[in-house]
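Read through the structure below, which is laid out as structure tokens, and then see the notes.
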Amino acid sequence: MVELLAYKRMPVWTKETVPTEITHKHNTKVGTWGKIKVLTGEIRYEAISDDNEITAVHHYRATDDIPMVKPQAWHRVSLITDDTSFFVEFFCTPEDYLAKKYGFTATHSEVIAALETITEPCKVLDLGCGQGRNALYLAQKGFDVTAVDQDLPSLETLLAIMEAEDLALQVGQYDINQANLTQEYDWIISTVVLMFLERDRIPAIIENMQAQTKSGGYHLIVAAMSTEDAPCPVNFSFTFGQDELRNYYKDWDLVKYNEDFGQLHRRDENGHFLRLRFATLLARKP
């Protein structure tokens, strides 16, 4: 059974107020489930194929527990009686919840994947947290999260969401280039952050991160690369070369390491997402 969270509830609609897109063929978005609740009267629900064939017809009243509409399922709704009123509520998985509700980038896939290794909540630092896409998700999962960033508007957004969702995090402004972390952590994450830092500070930053990680703790890093076969298309202040990140962790146990191609949330002049290599590391301190 997929765990789903409600992130949006639409207004109550009647024959006079229901949007035309609801009564015509439409579908739910990727990663979105829809739940219809009839308050009064009766609706007709039609499931529709990609080829516009009606594949199922159901009539629902207020006493019915209507099944979820799955992501990208084509359908339409008709209001049968004049007194019909209903609303729609949208649901998603926990990793998509914050992005769908607050409109920012989803939790990084490598953070989600790392939870297969780091199975118990622990003390985690999100280094360069931005608006909190990773930090808030981990707090939802029960982790003791500290989230730091240099950008105050991003931190203000994080704090507002933290309060709205009743989550507990330690949030603070921090210049990563200073490399002066003083607390110890079980897990430090830095996803798509290091390429914005000062090149000559990277050795000190990583050394400080490693020193402030407890024995048996983990680092998760995802950062841009620039290599001979794939020069970075963006003029970042820092990019890793081939095996450069791996060499910083030669004394750690590598759980995962690759230099695969990925894409930025930026587009080129033709509208295509920019592709480049990323160094991805999940490592355990001996």
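Structural remarks
- Qualifying residue in segment 75-90 (condition: under 30 Å from LEU264 (Cβ atoms) and in contact with a helix residue (DSSP H, G or I) (Cβ under 9 Å, 6 or more places away or on another chain)): yes
- Taking the criterion of being among the aromatic types (Phe, Trp, Tyr), outside any loop (DSSP other than H, G, I, E, B) and farther than 22 Å from SER109 by Cα, the only residue of segment 233-266 that qualifies is TYR248.
- Top-ranked residue of segment 148-189 - restricted to ones that are among the aliphatic types (A, V, I, L, M) and more than 14 Å from CYS129 (Cα to Cα), ranked as surrounded by the fewest Cβ atoms within 10 Å (Cβ to Cβ): ALA168
- When the criteria are applied in full, THR157 fails the requirement of being more than 17 Å from the chain's Cα centre (by Cα) and without any contact (Cβ under 8 Å) to a residue 60 or more places away in the chain.
- Residue within segment 122-129 that is of a type in the set (Lys, Arg), under 27 Å from ARG284 (Cα atoms) and in a loop (DSSP other than H, G, I, E, B) present: no
- Pick from segment 65-83, criterion part of a loop (DSSP other than H, G, I, E, B) and over 19 Å from THR14 (Cβ atoms), ranking: nearest to the chain's Cα centre (by Cα): PRO71
- Among residues of segment 266-283, those that are over 17 Å from THR239 (Cα atoms) and either surrounded by fewer than 18 Cβ atoms within 10 Å (Cβ to Cβ) or of a type in the set (Val, Ile, Thr) (or both), counted: 7
- Residue match in segment 208-225 (condition: surrounded by fewer than 20 Cβ atoms within 10 Å (Cβ to Cβ), outside any strand (DSSP E or B) and under 21 Å from the mean Cα position of the chain (by Cα)): no
- Segment 234-268 - residue that is of a type in the set (A, V, I, L, M) and modelled with pLDDT of 95 or more and, of those, nearest to the chain's Cα centre (by Cα): VAL255
- Unique match (being under 20 Å from THR119 (Cβ atoms), touching a Lys or Arg at 6+ places or on another chain (Cβ under 9 Å), assigned by TED's automatic domain parsing to the domain that holds GLU110 and surrounded by fewer than 20 Cβ atoms within 10 Å (Cβ to Cβ)) among VAL234, VAL255: VAL255
The values are calculated or read from the model by the stated rules, or taken from the named source; none is laboratory data. Just so you know, these numbers come straight off a predicted model, no measurement behind them. As a convention, Cβ positions derive from the backbone with ideal geometry for all residues, glycine included, and neighbour counts pool all protein chains shown.
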